[in-house]
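As structure tokens, the structure follows; a few thoughts come after it.
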Amino acid sequence: RFMPSHSNGNLSMAYFQDFVLEGFGGGLETQALLFAVFLALYMVTVLGNILMIIVITLDARLHSPMYFFLKNLSFVDLCYSSVIAPNALANFFSSSKVITFAGCATQFFFLSLLATTEGFLLGVMAYDRFMAICSPLRYPSTMCQSACTRLVLGAYCGGCFNSVVQTSFTFHLPFCSSNRINHFFCDVPPLLQIACGNTTINELLLFGICGFMIVGLAFVILISYGYIIATILRMRSGAGRRKIFSTCGSHMTVVTLFFGTLFVMYAQPGAIESMEQGKVVSVFYTLVIPMLNPLIYSLRNKDVKEAVQRLGQKHMTM
């Protein structure tokens with residue numbers, strides 16, 4: 001938050017109130033192409049996730065724990081992309097690419113909150129499938145409405161905890177070496193690059209908390225699916241196995257994409273130094289994955305496809 005200035009030959013500190021998001025390099029044609037790609041990804045993300053929320057809300061047949069969690073996942077994906085995309089789109093043709101200190105901290109807070117919440121939601125969804133498939137008799141009582149609500153609130157609380165810790169530690173650093181962030185949004189690795197204080201604690205927090213959450217949640221999900229696969233293999237009904245594999249396959253695809261990219265970005269040494277690679281990976285997990293999630297769940301889910309058809313037919317007859 002500071003920049004060095006000279007007064008009477010002595011080095012002093014002066015406040016600056018803005019950061020500059022450098023984004024992607026290249027000329028006007030490159031910026032125009034990237035703008036078109038970002039806009040297309042964001043529009044599909046918005047339309048796809050809003051459609052999922054509307055369909056699950058309006059169709060009584062989808063009022064079950066699995067779709068309650070899926071609706072919350074769509075809401076998080078929608079907010080998650082909206083924290084990043086509009087500002088990134090505006091900066092493609094902006095000469096200044098300025099974001100205020102408060103704006104940067106706010107963007108970072110909600111990014112961290114929503115990304116962590118999504119990870120916890122994916123873990124909750126794996127637990128839901130585990131209970132439904134491995135303990136079907138206990139499922140109605142275990143996954144009642146109040147329990148589902150508590151699990152979703154717990155996911156948000158986990159996201160809030162990580163966000164408060166990361167934001168407070170990151171934005172208490174002195175930023176006196178530069179105010180130019182080598183990224184298209186405010187994130188930990190590029191912010192640590194321009195900090196002039198000791199960032200050891202921040203790096204330990206980044207790799208420690210994020211690594212623990214990513215690895216821990218991935219471990220829980222893998223154990224859940226280990227039991228699910230064992231249960232599926234004992235089933236005699238081929239149709240039942242195919243239906244469960246279809247539902248669980250969608251979830252595992254989303255889990256693999258999300259946790260794989262987060263691990264590359266935050267939970268492995270050297271992530272902070274590789275900013276150019278980091279920007280590409282960031283596009284994937286901030287825009288591509290939120291766009292793919294509703295497509296994956298709708299295209300591979302018979303119940304969702306039928307609900308969309310019913311909603312379309314109802315709209316046509318009105």
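The values are calculated or read from the model by the stated rules, or taken from the named source; none is laboratory data. These numbers come from a predicted model, not from an experiment. Every residue, glycine among them, receives a Cβ derived from its backbone with ideal geometry; neighbour counts consider all protein chains shown. Remember, those area values only see protein heavy atoms, side chains included, never the ligands or the DNA or RNA. Shrake-Rupley method; radii C 1.70, N 1.55, O 1.52, S 1.80 Å.
At-a-glance table
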{"item": "Gain upon complete extension [residue 164, residue 309; 0.36 nm per residue less C-alpha separation]", "result": "48.0 nm"}
{"item": "Additional length obtainable on full extension of the chain from residue 295 to residue 50, 0.36 nm per residue less Cα span", "result": "87.0 nm"}
{"item": "For residue 112, net neighbour charge (Lys/Arg +1, Asp/Glu -1) across residues whose Cβ lies under 12 Å away", "result": "-2"}
{"item": "Residue-span extension gain [residue 39 to residue 194] - 0.36 nm each, minus C-alpha spacing", "result": "52.9 nm"}
{"item": "Three principal axis lengths of segment 150-259 [C-alpha, angstrom, descending]", "result": "66, 27, 22"}
{"item": "Segment 30-103, accessible surface, carbon-and-sulfur percent (1.4 angstrom probe)", "result": "76"}
{"item": "Where only C-alpha atoms are counted, convex hull volume of the chain per residue in Å³", "result": "152"}
{"item": "Calculated P(r) tail over 17 Å for segment 38-115, as whole % of Cα pairs", "result": "55"}
{"item": "Residue list for segment 121-144, given a label point 7 angstrom along the Cα-to-Cβ vector of residue 223 and an amide N cut-off under 11 Å", "result": "none"}
{"item": "Reachable aspartates and glutamates from residue 302, criterion Cα separation under 17 angstrom, eight or more residues apart if same chain", "result": "59"}
{"item": "Interatomic Cα distance distribution for segment 145-187, bins of 5 angstrom, percent", "result": "5, 17, 16, 18, 13, 10, 9, 7, 4, 2, 0"}
{"item": "Of the trypsin sites (Lys or Arg not before Pro) in segment 158-254, those whose Cβ has at most 11 other Cβ within 10 Å and which sit in DSSP loop", "result": "234, 236"}
{"item": "Rough spin-label spacing in nm, given labels placed 7 Å along Cα→Cβ, for residue 284 and residue 177", "result": "2.7"}
